[in-house]
Structure formats: structure tokens, C-alpha cells
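Take a look at the structure below.
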Amino acid sequence: KKTIFFTRSKNLKRIFDKEKVSHYLIKSKAKFIKFIKDKKIKIIIFDIRKFDNFLKNIFFFNKSTKSIFTVLIANSLKDIKGPNLVFFPVSVKKKPKNKKIYAGEKYAVLSKTTVKSKIKNLKNIMISMGGSDPQNITLKVLKILNNLDFNIKLNIVIGRFSSTKTQTIKKIITNKIIEYKLFSNLKNLQKMMKLNDLLITNSGITKFEATQVRLPSIIISNDKDTIDNQIAFSKKKTSIYLGHYKSKKILKLNSLIYRLYRNSKELVKMKNRSKN
């Protein structure tokens, strides 16, 4: 069956054009509805933070699109009225009672991969905040890590849609005992994971990929709606939840890294738990 990607992002359209992916740039409500009717679209899958009125008016309040089966890959279980089916691919404290909602980490879409080799000690730390990092958590983390007083190597991954600039990072990391490398538009994230001993990441899917590779992680949540999910995930003890990105708790990042640096056995235990 033919798949078409819909977007309102001109930036994403340029990437689709370059990679020759079938897509449609949404410009107006009327033209979009006409297009999905002409193409006889049967299923729409949404992977978005939340429904705005534009999408609600097209798919939930419009008679001409009532026959389309709607599937949501949710970031939160708030305000999800409308879709026929919902996947919530995160760790949850309690499973939702609603039968149309499938929640839990087993619904995270991951590619097959091999696992990383043994962790002997903490030498390399990977920093990855997903494709966009809208709260600029990468920069907040680097400002804290710049005060480390022991030698460490940072592998900083900048997502394809991130606004983080290389020059900004160079200005932040002034500590000469810290080595670092920058990676933009990285195609094989899991290959990079296998070269590191620890990951610092946010609320997204990256922590699942790290656990699949058996790489221990530190999680900083990028919105308050996902805090409970990060806490639930960290209870599996393959990662450590540090707090919300605006919380003062993240200032403890250096002391946490120093603890793992001094006691690599803790990292090894986290890695071994990942196989479950």
C-alpha cells in the first residue's frame, strides 16, 4: 500500500524532497481535504505533540473525513479525544482503562540492533536530546558539565531539527580538560551509542534505543506531562531520572557523573539490567 507523509513544515518538506519520500505540504484546509479525498486515504497516523484546532476541524468535526481511520502515537494522554486508536509508547504506572489506548514500552518502534561491549569505566559520555531539542536542554547540560574537574570525553549529537549552533557550544565548553566532538544529522545513532559508556538524554524515544543497546542513561524530562513516565521508566534501573529541565535537581548532574566515574560497577549493573 502506498504511504504519503503529510506535513506543514517547509524544513521537513526539503528533507522529503532530498530523500525522494512521497509527501504533501499542507497549506490550506480545503485543499488538504480535497487531496485526501482524491487519494482515497483510508488511514491517517499522527505522530505529533498535540492536536491543534486545524487538525481537529479536519479529522474530527468534518463529515467528509469521518470514514478515515485515525491512529495517534501520543506524547501525552491528555486531550486525545477523537482518534480511533492510540499508542502511548512509554513506561506507565497504570495501564489506561480505555480499550482503544495501548500504553507501555513494548509499543515503542525500535530497529533491530546488537548490544555494546563491556563497560570497564566511565570515559565517554554521549549527549542526545532527540531530533529537535526545543527546550535547548543540550546547552543547559553542557553549561553544567563545563565545571567537571576530571577528564571526560563528550560526544554531542545535534538532531536534524535542532536550533543548537556549533559556535554556541564552542563558547560554552571552555574547560580544557574536557574533550568533545560534535555530530550533526547522525544516521546511525545506535552505532554511536555502542562507543559510549553513558548517555544523557531527554523524554523521547532515545532512552529506549539506549536500553536496547544496553547503554546506561541519565534522563532529564523536557515537559511536565512526561515526568511520571520518566520516573516509571527509571524504576527499571537501567537509567537514572534526574528531574525536569527547569528543576534545580539537574544541577546535581556533575556529582552524579562523578559518582558513576568513581564506581563503574553501578554502570555495569545498569547495563546488565537492560537485557531484561
Residue satisfying condition, being of a type in the set (Ser, Thr, Tyr), open to solvent by less than 10 Å² (accessible area, probe 1.4 Å) and within 21 Å of the chain's Cα centre (by Cα), within set SER221, SER184, SER274, SER247: SER221
Residues that are in a loop (DSSP other than H, G, I, E, B), crowded, with 24+ Cβ neighbours inside 10 Å and at pLDDT 90 or above, drawn from the stretch 203-217: LEU215, PRO216
Cβ-Cβ under 9 Å pairs, at least 6 apart or on other chains, the stretch 131-153 side open to solvent by less than 10 Å² (accessible area, probe 1.4 Å), far side among the basic types (Lys, Arg) and part of a loop (DSSP other than H, G, I, E, B): ILE152/LYS123
Meets criteria (free of Cβ contacts under 8 Å to residues at least 60 places away in the same chain, open to solvent by less than 20 Å² (accessible area, probe 1.4 Å) and assigned to a helix (DSSP H, G or I)) for ILE169: yes
From LYS99, LYS94, LYS78, residue being under 21 Å from the mean Cα position of the chain (by Cα), farther than 23 Å from LYS31 by Cβ and in a loop (DSSP other than H, G, I, E, B): LYS78
For VAL21: the one exception among (1) within 22 Å of TYR107 (Cβ to Cβ); (2) modelled with pLDDT of 90 or more; (3) assigned to a loop (DSSP other than H, G, I, E, B); (4) not hydroxyl-bearing (Ser, Thr, Tyr): (1)
Filtered residues of the stretch 40-71 (kept if part of a loop (DSSP other than H, G, I, E, B), in contact (Cβ under 8 Å) with a residue 24 or more places away in the chain and within 25 Å of the chain's Cα centre (by Cα)): ASP47, ILE48, ARG49, LYS50, PHE51
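The values are calculated or read from the model by the stated rules, or taken from the named source; none is laboratory data. Computed from a predicted structure; not experimentally measured. Because the Cβ atoms are built from the backbone with ideal geometry, glycine has one as well, and the counts that use them run over all protein chains shown. Each accessible area value is taken on the protein alone, full model and side chains, heavy atoms only, with ligands, DNA and RNA left out. Shrake-Rupley method; radii C 1.70, N 1.55, O 1.52, S 1.80 Å.
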